[in-house]
Amino acid sequence: MHLRFKWKVVDLIHIYSEIMTKKNRRLSPLFLILFIALSPSLWAQTKAKLAELPDMHRHWITEEVNYIITPVEKDVFLELKNNRERELFIKAFWKTRDPTVGTKDNEFRVEHYRRLDHANRRFRGTGRPGWKTDRGKVYIILGEPKDQRSYIGSDAYFPAEQWNYQGLTGTDLPQGFRLLFYRKNRVGDYRLYDPAADGPWSLLSNYRGNPGDYWQSYYYLSDIEPELAQVSVSLIPGEALTNLPSMTSAILLQDIDIAARKRIEDRYAQKFIEFKDIIEVEYSTNYIER
């Protein structure tokens, strides 16, 4: 009974992940209620299983691949019983992402650890490693932006950085988009700006208008820094806006969050745990589905 329930939970996570990758994102109320009801229990179980892992494997799943591992892969990894199984799973994890199987190097793995190292060196935050900051997370998921612009800040607005991306391959993201990071009140780490959740007034240091009034704060910022004002209402260049906030920008930010997991075929992970006690795990690792 317990085993059956466990796999239902795995399936639920997998279904939720799949639905969240769809463009319409329309969840049935019943499914959403069920998922929310199970979430506290799932998180408690996950936390307990993480605590049982050896340091090297806990570090791997929580700090090294945190942004690229799928919910199913994570759940399966936490069900493994010994280090041999975990090491073989890690081997399969990277193999399923290898763009050129059979060559000496796994280009995806090499690039991922390059990004992770760069994020930790370049974006080290206030009392936390670079990978945990917003800029570090985006860099690990998307890589180097095509170009950047810094808004040093003035008495009127907070310091900000604009990252421009174009022509990313292997994702369903727009051909061109921009991201904005800003230092709220000029202190702490740069945080990712969300046009819908933050609004132009969040970038202004001496704004005396009505908080929540997009047009008023947009026009106020336009008089000071026109390009920053454009990004503050839409992350999509040239988007025609008749209403604010931009829902396209909100969807973009959601898509970025799952971009590294969206195209992964994680059926191999379920097969790995299903057959690991029946056949040699080395054999199943070598013949995982791609």
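The values are calculated or read from the model by the stated rules, or taken from the named source; none is laboratory data. It should be emphasised that the depicted structure is a prediction, and the values quoted were computed from it without experimental measurement. Here the Cβ is made from the backbone with ideal geometry for all residues, glycine too, and neighbour counts use every protein chain on show.
Of the residues in the stretch 121-128, at least one is out of contact with any Lys or Arg (no Cβ under 7 Å at 6 or more places or on another chain) and closer than 24 Å to Ile258 by Cβ.
Here's the yes/no breakdown for (1) surrounded by 18 or more Cβ atoms within 10 Å (Cβ to Cβ); (2) of a type in the set (Gly, Ala, Ser):
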{"position": "Thr100", "(1), (2)": "no, no"}
{"position": "Pro129", "(1), (2)": "no, no"}
{"position": "Leu142", "(1), (2)": "yes, no"}
{"position": "Ser150", "(1), (2)": "no, yes"}
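Screening Asn120 against (1) outside any loop (DSSP other than H, G, I, E, B); (2) surrounded by fewer than 17 Cβ atoms within 10 Å (Cβ to Cβ); (3) of a type in the set (S, T, N, Q) leaves a single unmet condition, (2). Of the residues making up the stretch 147-179, those that are assigned to a loop (DSSP other than H, G, I, E, B) and within 21 Å of Ile251 (Cβ to Cβ) are Gly167, Leu168, Thr169, Gly170, Thr171, Asp172, Leu173, Pro174, Gln175. Considering only residues in the stretch 266-286 that are surrounded by 12 or more Cβ atoms within 10 Å (Cβ to Cβ) and in a loop (DSSP other than H, G, I, E, B), the one that is modelled with the highest pLDDT turns out to be Asp266.
Here the condition is being within 17 Å of Asp257 (Cβ to Cβ) and assigned to a helix (DSSP H, G or I); of Tyr139, Tyr113, it holds for Tyr139 alone. Whenever a residue of the stretch 234-247 is assigned to a loop (DSSP other than H, G, I, E, B), its partners that are of a type in the set (Lys, Arg), lying with C-beta atoms within less than 7 angstrom and at least six residues away or across chains, give the pairs Leu235/Arg178; Pro237/Arg178.
Would you mind stating whether Asp189 is of a type in the set (Asp, Glu), assigned to a loop (DSSP other than H, G, I, E, B), assigned by TED's automatic domain parsing to the domain that holds Gly238 and without any contact (Cβ under 8 Å) to a residue 40 or more places away in the chain? In short, no. Here Gly136 meets each of (1) closer than 20 Å to Arg183 by Cα; (2) touching a Pro at 6+ places or on another chain (Cβ under 8 Å); (3) assigned by TED's automatic domain parsing to the domain that holds Arg183 with one exception, condition (3).
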